[in-house]
Number of protein chains: 2
Amino acid sequence: MQPLNYRKRLEQTKKLMEKENVDLILLTPSVNFGYLFKGFLDMRERLICAAIVLDKEPLLIAPEFEVERMQNSTNIKNVVGWKEDEDPYLKLKETLDFMPKMISLESTTRFENFLKFKEIFPNSDFLNAAAIFNDMRGRKTDAEIERIRKASEFTVKSVETLLNEIEPGMTEIEVQNQLIKKMSEISGEPSWALIQFDESSAIPHSSASAKKLREDSVILIDSGTSCDRYFSDITITTTFSKPSSKFLEIYDIVQKANDKALEASKEGVPAEQVDFEARKIIDEAGYGKYFTHRLGHGLGLEVHEHPYIVKGNKQPLMDGNVHTDEPGIYLPGKFGIRIEDDLIVRKDKSERIYEFDRIFWEKK
Amino acid sequence: MQPLNYRKRLEQTKKLMEKENVDLILLTPSVNFGYLFKGFLDMRERLICAAIVLDKEPLLIAPEFEVERMQNSTNIKNVVGWKEDEDPYLKLKETLDFMPKMISLESTTRFENFLKFKEIFPNSDFLNAAAIFNDMRGRKTDAEIERIRKASEFTVKSVETLLNEIEPGMTEIEVQNQLIKKMSEISGEPSWALIQFDESSAIPHSSASAKKLREDSVILIDSGTSCDRYFSDITITTTFSKPSSKFLEIYDIVQKANDKALEASKEGVPAEQVDFEARKIIDEAGYGKYFTHRLGHGLGLEVHEHPYIVKGNKQPLMDGNVHTDEPGIYLPGKFGIRIEDDLIVRKDKSERIYEFDRIFWEKK
């Protein structure tokens, strides 16, 4: 697999800093921290904080007993330790040894940490670093796309074998655990799944229960795993045996909406436009009020990230954005159908990141 | 088990609000949120936010499709939903319908959420709600202590059976997984463990490896599970067969330091004093430089919480505080011994939360 280019990410960060007149970026452990510095650390009560200034190598402030672990688990070599009875914020201030005018703060930084940063830099302005990271992380490189594609392949293959193994009488939770186990075995990384049968599938964002699979069940499978921490997110809706004509009618509408989003998504198009066009298909088929959520969201190191494909988001899509395309129709008390795959935004036309045959009920 | 009194927690919160002239508390999903409202929710990209004002029942702002789940998983009945294309912050502002002067913000609130709250309440002062929650959560009720005690019992019993099952040749990771499984089976809740043998045990905060158990190994077991989400945190250091005289010499010093902390800990004593007195024992025995971490930390809904028993923390201990008592001596290249149990702070003298026989090497 192509390596991830951390050096380039840092260079890009510095370019964006210059553009925004930012003279210091502060990051506590977070996904953005891991994106730049390789280490995905837990945020605990002892301060760990990376600092980026334009003309120097990045600096990491960490508990003294963690210095070696930090040098091994991140790509930052300049790690400054603070002792149990030292003030880590003063340590940061002394080590930096300049008064920044404009600080860009990683967006998930805790309010209590922000207040401490504000104390040591009382005259600085604090900006949200989201602008910098959304832009960079949004434009996926080929190496990143390769990983999302691999994670998608793991997911679809796991679902395929799962569907050949399940039997009527199994509960949603049993099927869900079986799928998670399967994906984790193949990817070696954390996996997640949501399995819903019949009426339950009509409630998006609900969770698996002790509800049992029947011969004539609708099965909604929303699942994913990761490859080098890059996630896939795919929803396959199928039936255990031959589908009803109502199922096929609805399936066809949702598939058309999913295809329409692929057609609408491309560089420069406002994110909400893709939601709008897919929704129009479902509206016109008379099921508009049963499509109760946004069309999709960005996908990468987080299962949900920018760009969000939702009414109100007028930001233009960028080349390299990866976003889900997941229209759904949910008929209360009956069943729900969601068809979800993942698109790469390109200049003239977006592409599906991983192609697979969706007609699972014919494969058995 | 005695029920947890959520109503009383809310009343206490309001008293502390009045005392600090706070007219609004905002909480996004967090441990403090769960402490007050029962639901331990994940913080995702869609805003979920509880608001407490003095003269009303608490309010929860949540995505519209989550309203029912929120009513079921929290004790808040007044849940206001926002639609996918609505601004949740404006919804919060409209629903509250007053301009707060002083807002207390839950301390782990994300910087990006704080900026949005600041936008809708530009003239409000924002305080850190830590003061309110540290005080309340610090004074454990009998119901809370009962849960920590139960979790401690689960932990010690699991370690006891573990020690009768392990064999030379097993790796740290294997023993660790076996213990985690054991604890989770008995408690039905998340468990964690750190197992270190011999030289590895001399590196606190390191992690388990493929290192194998030997006949003459030192075994350091730092582990815990929870009961109703209240954690235990216990470290047992023992040997697989008969201990060496060096081990017994060091063990005796560490145990004396652990006993000294129990003696020093009581209401009104500055937290750092307890660290100081236990450390003195180890200093005087000539091993001061091998006791490289703080003496302890508060314990409850989080494994690490206030009060921290560390040099520099001059805050007086309060009746009902629960804190770990975990001195250690780490001899590089040889072995480390840490003895950790948990104390309840009382008026005249602290108490061990769960008594157990520490001499595990004689039990085999």
Pairs, please: C-beta under 7 Å, at least 6 apart or cross-chain, first residue within 18 Å of A:S223 (Cβ to Cβ) and in the stretch A:298-324, second at pLDDT below 95? A:H304/B:R44; A:H304/B:E45
Residue, nearest to B:H205 (Cα to Cα), within the stretch A:40-55, restricted to residues that are crowded, with 18+ Cβ neighbours inside 10 Å and away from chain B (no Cβ under 14 Å): A:A50
Yes/no for A:A193 being surrounded by fewer than 15 Cβ atoms within 10 Å (Cβ to Cβ), assigned by TED's automatic domain parsing to the domain that holds A:E302, in contact with a helix residue (DSSP H, G or I) (Cβ under 8 Å, 6 or more places away or on another chain) and among the hydrophobic types (A, V, I, L, M, F, W, C): no
Criterion violated by A:L115 - all others in (1) at pLDDT 95 or above; (2) more than 16 Å from B:F114 (Cβ to Cβ) satisfied: (2)
Out of all the residues in the stretch A:328-354, which are modelled with pLDDT of 95 or more and acidic (D, E)? A:E340, A:D341, A:D342, A:E351
Conditions (1) closer than 23 Å to A:E302 by Cα; (2) free of Cβ contacts under 8 Å to residues at least 24 places away in the same chain -> A:Y6 fails only (2)
If a residue must be closer than 19 Å to A:I132 by Cα and in contact with a Lys or Arg (Cβ under 8 Å, 6 or more places away or on another chain), how many such residues does the stretch A:41-65 contain? 3
Please specify each residue of the stretch A:327-358 satisfying the condition of being touching a strand residue (DSSP E or B) at 6+ places or on another chain (Cβ under 8 Å) and either polar (S, T, N, Q) or closer than 17 Å to A:F247 by Cα (or both). A:P327, A:G328, A:I329, A:Y330, A:F335, A:G336, A:I337, A:R338, A:I339, A:E340, A:S350, A:R358
Quick check on B:A278: is it surrounded by 24 or more Cβ atoms within 10 Å (Cβ to Cβ), touching a Pro at 6+ places or on another chain (Cβ under 7 Å), assigned to a helix (DSSP H, G or I) and within 14 Å of another protein chain (Cβ to nearest Cβ)? yes
Helices (runs of 4 or more DSSP H) wholly in the stretch B:56-143 with at least 2 residues that are over 26 Å from the mean Cα position of the chain (by Cα) and either of a type in the set (A, V, I, L, M) or within 11 Å of chain A (Cβ to nearest Cβ) (or both) - which ones? B:67-73, B:88-96, B:111-120
Which numbered condition in (1) within 14 Å of chain B (Cβ to nearest Cβ); (2) of a type in the set (A, V, I, L, M, F, W, C); (3) more than 19 Å from A:R358 (Cβ to Cβ) is the only one that A:L213 fails? (1)
How many residues are closer than 15 Å to A:V156 by Cβ, assigned to a loop (DSSP other than H, G, I, E, B), touching a residue at least 24 places away in the same chain (Cβ under 8 Å) and among the charged types (D, E, K, R) if we restrict to the stretch A:333-361? 1
Give the residue, chosen from B:I120, B:I148, that is assigned by TED's automatic domain parsing to the domain that holds B:R44 and either free of Cβ contacts under 8 Å to residues at least 40 places away in the same chain or of a type in the set (V, I, T) (or both). B:I120
Considering residues of the stretch B:41-55 that are over 29 Å from A:R294 (Cα atoms) and over 26 Å from the mean Cα position of the chain (by Cα) only, the residue modelled with the highest pLDDT: B:V53
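The values are calculated or read from the model by the stated rules, or taken from the named source; none is laboratory data. Since the structure is predicted, the reported quantities are computational estimates derived from the model, not experimental observations. Virtual Cβ from ideal backbone geometry, glycine too; neighbours counted across all protein chains shown.
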